[in-house]
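One structure is given here, and the rest of the page talks about it.
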Amino acid sequence: MWGVRLEAGKVAWLGVGCQGVGEEESAHSDLVEGRGIGQGVVNMADEPETNPLPVPPPMPEVPPAMPYVPPVDPYVPPAVSGMNFEESAGGLRAEERTMGMLCHLLAFSGYLIPFGHLIGPLVMWLVKKDESAFVDANGKESLNFQITVTIATVVSGILCLLLIGFLLLPVVIVGSLVLTIIASIKANEGTVYRYPFCLRLIH
């Protein structure tokens with residue numbers, strides 16, 4: 001028979017053959033005293049742990065709570081007061097620049113009605129000349145140029161009898177179109193355009 005006995009962290013085993021009761025008691029006493037046949041004593045502290053308990057991982061550190069910061073509103077520029085956005089850099093209102101431009105553009109009405117190139121600028125000038133010096137200056141310049149174009153057209157028509165007018169007439173027509181468009185653009189920008197080759201009869 002084999003007997004196993006645990007004592008204070010030690011494991012002892014004892015091999016006992018076919019012995020009597022007395023021998024078992026003697027073997028038992030020897031086991032208590034640390035002797036016996038086939039006696040072996042093992043210190044459990046010296047044995048490596050075959051199945052150690054798993055060690056839990058360390059808990060992650062919780063970052064400190066950040067203080068609440070309210071959202072910042074987007075920048076709103078201060079309101080601009082006392083500024084007229086209809087004024088140009090020269091202090092002209094948008095209405096004045098438009099009327100000055102029409103003093104030149106109305107000359108194209110001559111392609112629709114007889115003498116419309118004179119009537120259109122003349123009407124605009126008479127209506128608005130007392131309200132704005134800018135419109136007054138553009139109206140006079142437009143009328144003077146259209147009078148010059150009229151005179152040049154009549155002369156070119158007469159010179160058609162000598163065949164020279166057939167060369168002058170296209171030049172007069174194309175030149176008047178280009179210069180009228182340039183004057184209209186300049187008036188819209190707030191500038192009084194001075195026509196070249198113009199008889200300034202109205203002052």
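Values in this text are rule-based calculations from the coordinates and carry no lab data. Predicted, not measured: the structure shown is a model, and the values here were computed from it. Cβ placement follows ideal geometry from the backbone for every residue including glycine, while neighbour counts extend to all protein chains displayed.
Within the range 102-125, the residues that satisfy the criterion of being in a helix (DSSP H, G or I) and aliphatic (A, V, I, L, M) are Leu102, Leu105, Leu106, Ala107, Leu118, Ile119, Leu122, Val123, Met124. In a residue-by-residue description of the range 127-134, the property of being buried (at least 19 other Cβ atoms within 10 Å of the Cβ), over 15 Å from Thr98 (Cβ atoms) and among the acidic types (Asp, Glu) applies to no position.
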